Amino acid sequence: MDLKKLLQPFKLEKNLYKKPMTLVFPKEALPPVENYRGRQLLNIETCVGCGMCSRVCPNDAIVMVEFNDKKCPQIHLGKCCFCGLCAENCPTGALEMTSEIFIAGYDRSFALYDPEKLSKSE
Ligand code: SF4
Ligand code: SF4
């Protein structure tokens, strides 16, 4: 008789008393890994409204909108693939990728980040 198979039920019982490996999200979460690309953060002061971020976006997730008498990007995170090209090509560094990962809501409107929402760190 295979001894390993015979002892298998005892192995299972041992695991019953172990701490679970899963986390109760979102109350508990692991810190994001280094260089993780979450949502963008916009510095309205240094944005010059050039529209470069919008032109390089492969998913057409960015449209330029009027904000405080100038054009600023508005990003639809539902279309964004978090490639980081918008931030990489911003000539003034006004747009940066953050490690913010809590992007969720009850309807699709949560994903529309106008310049004001984009400039706030959550
Ligand atoms: S991260 Fe990529 S897909 Fe998302 S808005 Fe920027 S360029 Fe577009
Ligand atoms: S965020 Fe950067 S690339 Fe986009 S419009 Fe402003 S300055 Fe230009």
Hits among aspartates and glutamates - C-alpha to C-alpha of residue 14 under 13 Å, sequence gap 8 or more where chains match: none
Between 0 and 90°, nearest 10: helix 3-16 axis offset from the chain longest Cα axis: 50 degrees
Theoretical ellipticity at 222 nm over the chain - DSSP helices of four or more residues, -39500 (n - 2.57) apiece, nearest 500: -5500 deg cm²/dmol
Lys/Arg +1, Asp/Glu -1 at C-beta; the chain dipole; positive extreme among 25, 58, 93: 25
For q = 0.14, 0.26, 0.28, 0.30 Å⁻¹, Debye-computed log10 I/I(0) when each Cα of region 73-122 counts as one equal scatterer: -0.35, -1.25, -1.41, -1.54
At q = 0.11, 0.13, 0.16, 0.18 Å⁻¹, base-10 log of I(q)/I(0) for the chain (Debye sum, equal scatterers on each alpha carbon): -0.49, -0.59, -0.78, -0.94
Assigned charges on the beta-carbon of Lys, Arg, Asp, Glu; the chain dipole about Cα centre (debye): 800 debye
Selection of trypsin sites (Lys or Arg not before Pro), region 50-114, meeting DSSP coil and at most 15 other Cβ within 10 Å: 79
Cut-off under 5 Å, modelled amide H: who pairs with residue 95 long-range: 43
Partnerless cysteines, meaning none of the other Cys C-beta atoms lie under 4.7 Å away, in the chain: 47, 50, 57, 72, 80, 81, 83, 90
Over the chain, relative contact order from alpha-carbon pairs under 8 Å, at least 6 apart, %: 30 percent
Partner aspartates and glutamates for residue 18 [C-alpha distance under 20 Å; skip if fewer than 8 residues away on the same chain]: 28
Violating pairs (Cα-Cα greater than 31 angstrom) within the set 27/117; 27/120; 27/79; 27/71: 27/71
³J(HN,Hα), Karplus 6.51/-1.76/1.60, whole Hz, each residue of region 45-52, x for Gly, Pro: 4, 8, 6, 9, x, 5, x, 4
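Laboratory data are not the source of any read-out in this text; all were calculated from the coordinates shown. Since the model is a prediction, treat every value here as computed from it, not as a measurement. Note that each Cβ is placed from the backbone with ideal geometry, even for glycine, and that neighbours are counted across all protein chains shown.
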